[in-house]
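Visitor: What follows is a structure written as structure tokens; I'll ask about it next.
The values are calculated or read from the model by the stated rules, or taken from the named source; none is laboratory data. Since this is a predicted model, take the numbers as computed values, not measurements. Ideal geometry is used to build each Cβ from the backbone, glycine not excepted, and the neighbour counts take in all protein chains shown. SASA here: full protein model, heavy atoms, side chains in, ligands and nucleic acids out. Shrake-Rupley method; radii C 1.70, N 1.55, O 1.52, S 1.80 Å.
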Amino acid sequence: MSIVTVQLGQCGNQIGREVFNTICSDARGAHGLCSKKENESYHDTCKERFFFEEESEVPVARAVLVDMEPKVIGQTLSMAARSGCWKYDGHSHFCQKQGSGNNWANGYSVHGPRHKEAIMNLVQKEAEKCDRLSGFFTIMSMAGGTGSGLGAFVTQCLRDAFPTSFILNHVIWPYGTGEVIVQNYNSVLTLSHLYQSSDALLVHENDVIHKICAQLMNIKQISFRDVNQVIAHQLGSVFQPTYAGEGGLLYSRNPLGDLMETLVPHPEFKMLGLRNIPQMPENSLAYSTFTWPGLIKHLRQMLIANAKMEEGIDWQVRPPRLGSSIPSGCSTNKPLHFNTSIANLVILRGKDVHSVDLGSFWDPSLYTSWLNPQDAFHAWKTPRAFNKYEKSASLVSNSQFLLKPLDNVVGKAWNMFASKAYIHQYTKYGIEEEDFLDSFTALEQVISSYTIL
């Protein structure tokens, strides 16, 4: 089944291009470390999922590009075409001459309704090219105006137009130090609206990815492109084909559906985090060896200690002994706070995957009491290596990982709202104070649900 990617705003378009680059170079690569038949099956599944072919035989990305300024879309289209291994459809993009001015209300209330028909026509055409549609993968930032405001509007339109298709929103969490003065307002409005219409939100935090670039990739002067490439590598490690279930013989057919079924057992809990190990500069790969027990041990500790990368993990954090309940509401700020999970998915790629012992992830003390570990944990595997890594492991987790950043953003936005700072910029586009209050209420409910796990 195929996924249609909707790239929204500057951030969404730049990351989207890196994602297709990563997927294409991985699928074409001869570094699969597996049989020729396995490699061909992987390549064909990947192509059906993300690309279609024209007469020119250059794969064309199943994507719609949307921005309110032409510059980034122009760059994105030409860089993809220059790569020679894939390209975008020259008619699947929509842009205007003037942006959204980092104002969520402008994107949501003005640009959205005004351009709804043109954007949804492009989406419809892209969906009709799929023999079978798995759903939509939107990529957007929360801080600005187009990605966040227009992104929230387009997600609602997708839900209305395709009520039975899955929608996964990939959301970039802004730098804590701030890129835009009203980014916390934009974030609160985006998250609360996406929570209503999306099936799940997959979140990457800019601060975390920046740290990975500095500490693991050893990049001295970090650019947005470096950050985007790390994000694209992590996304590729999840979306490239795998066998779902033990001893599977066929690649999973419905990637988004399988992801939701595995990770979102209840509509109140939709926040997904992603970790991937190992990550290192390409020139170090030849000198590094990894064992599965080592990777799994690190990945599990990253989960329970809520570490976002394999450096600096707090090894003191232990799961609570069953029968002794932690009043997690009280311990949110303690350094030894244990990260309770609702559901986890581990994805293993590379040599000897089928002999890996994942028993430590079945431990009932990792999960909330209302789910059986048999339902809460799943593993997908493929012997085909990913992106030149002989062995790699990814963890997609629905857990308390985002509580602190979410609490932070809502708190900062509330402080600004209480003093009525910048509210006039939103009311002039029709977003009233009641809309803000509704958004705060919705997110307080999400925080509360995750806190009491």
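Visitor: Quickly work out the W315-to-K420 label distance, labels modelled 7 Å from Cα along the C-beta direction, and quote it in nm with one decimal.
Guide: Distance between the two pseudo-spin positions: 5.6 nm.
Visitor: Right, another one. If the viscosity is 1.567 mPa s and the temperature 4 °C, what translational diffusion coefficient in µm²/s does Stokes-Einstein give for the range 135-225 when Rh comes from Kirkwood over Cα pairs? Intermediate values should be presented prior to the final figure.
Guide: Values: Rh = 14.0 Å.
After rounding, the answer is 93 µm²/s.
Visitor: Let me ask something else. Can you send over the carbon and sulfur percentage of the accessible area for the range 343-453, probe radius 1.4 Å, protein chains only? Provide the component values of the computation, followed by the final result.
Guide: Working: 2320 of 4610 Å².
Its accessible area is 50 percent carbon and sulfur atoms.
Visitor: Which of the listed residues, T262, G74, H354, is farthest toward the dipole's positive end in the chain, when Lys, Arg count +1 and Asp, Glu count -1 at the beta-carbon?
Guide: Value: H354.
Visitor: Would you please state the base-10 log of I(q)/I(0) at q = 0.20, 0.26, 0.29 1/Å for the range 193-258, with intensities from the Debye formula using one equal scatterer on every alpha carbon?
Guide: Normalising to I(0) and taking log10 leaves -0.88, -1.06, -1.20.
Visitor: What is the sum of charges, Lys and Arg at +1 and Asp and Glu at -1, for the other residues whose Cβ falls under 14 Å from the Cβ of G273? Before the final figure, lay out the partial values.
Guide: Details: positive: K270, R275, K308, K404; negative: E205, D207.
Overall, the nearby charge balance is +2.
Visitor: Can you tell me the alpha carbon radius of gyration of the range 125-173 divided by the globular rule-of-thumb value 2.2 N^0.38 Å? Could you put the intermediate results ahead of the total?
Guide: Details: Rg = 11.6 Å, N = 49, 2.2 N^0.38 = 9.7 Å.
With N residues counted in the range 125-173, Rg over 2.2 N^0.38 Å equals 1.21.
Visitor: Right, another one. Rounded to the nearest 20 Debye, what is the dipole magnitude of the chain about its Cα centre when Lys and Arg each give +1 and Asp and Glu each give -1 at the C-beta? All intermediate terms of the calculation are to be shown ahead of the outcome.
Guide: Working: 39 positive and 43 negative charges, 164 e Å.
With only Lys, Arg, Asp and Glu charged at Cβ, the dipole is about 780 debye.
Visitor: Then there's this: Among the listed pairs K211/K270; K36/K125; K270/K308; K71/K220; K47/K297; K36/K87, which have their C-alpha atoms separated by more than 30 angstrom in this model? The partial results should precede the final answer.
Guide: Numbers: K211/K270 25 Å; K36/K125 35 Å; K270/K308 19 Å; K71/K220 27 Å; K47/K297 33 Å; K36/K87 26 Å.
Check vs 30 Å cut-off fails for K36/K125; K47/K297.
Visitor: Here's another thing I want to ask about it. For the range 191-282, which whole-number percentage of the solvent-accessible area (1.4 Å probe, protein heavy atoms only) is attributable to carbon and sulfur atoms? Spell out each step's value before the answer.
Guide: Details: 1710 of 3370 Å².
Accessible surface attributable to carbon and sulfur in the range 191-282 totals 51 percent.
Visitor: Over the residues of the chain, compute the C-alpha Rg and express it relative to 2.2 N^0.38 Å. Could the numbers behind the result be given before it?
Guide: On the way: Rg = 21.2 Å, N = 453, 2.2 N^0.38 = 22.5 Å.
In units of the globular-protein estimate, the chain measures up at 0.94.
Visitor: In cubic angstrom, how much convex hull volume per residue do the alpha carbon atoms of the range 341-402 span? Before the final figure, lay out the partial values.
Guide: Values: hull volume 5.0 nm³, N = 62.
Taking only Cα atoms, the range 341-402 has a hull volume of 81 Å³ per residue.
Visitor: Provide the per residue accessible area, probe 1.4 Å, for the chain, rounded to a whole number of square angstrom. Don't skip to the end; give the middle numbers.
Guide: Details: 18660 Å² over 453 residues.
Result: 41 Å² of accessible area for each residue.
Visitor: Average projected area of the Cα convex hull of the range 1-115, in nm²? Provide the component values of the computation, followed by the final result.
Guide: Numbers: hull surface 33.2 nm².
Reported value for the Cα convex hull: 8.3 nm².
Visitor: Sorted from largest down, what three extents in whole angstroms do the Cα atoms of the range 71-130 have along their principal axes?
Guide: That gives 38, 27, 15 Å along the principal axes, largest extent first.
Visitor: Calculate how many DSSP beta bridges within the range 1-158 are antiparallel, expressed in % of all such bridges and rounded to the nearest 5. Before the final figure, lay out the partial values.
Guide: Values: 3 of 17 bridges.
The antiparallel fraction comes to roughly 20 percent.
Visitor: Continuing with the same structure: In deg cm²/dmol and to the nearest 500, what is the mean residue ellipticity at 222 nm of the chain if only DSSP H runs of at least 4 residues count, each as -39500 (n - 2.57), divided by the residue total? If you can, show how the numbers build up before the last one.
Guide: Values: 14 runs with 180 residues, N = 453.
Rounded to the nearest 500, the figure is -12500 deg cm²/dmol.
Visitor: If you wrap a convex hull around the Cα atoms of the range 42-200, how much volume per residue is inside, in Å³?
Guide: Numbers: hull volume 20.8 nm³, N = 159.
About 131 Å³ per residue, rounded to a whole number.
Visitor: Same structure again: Can you report the principal axis dimensions of the range 188-316 using only the alpha carbons, biggest first, rounded to whole angstrom?
Guide: Principal-axis extents of the range 188-316 (Cα, largest first): 43, 42, 33 Å.
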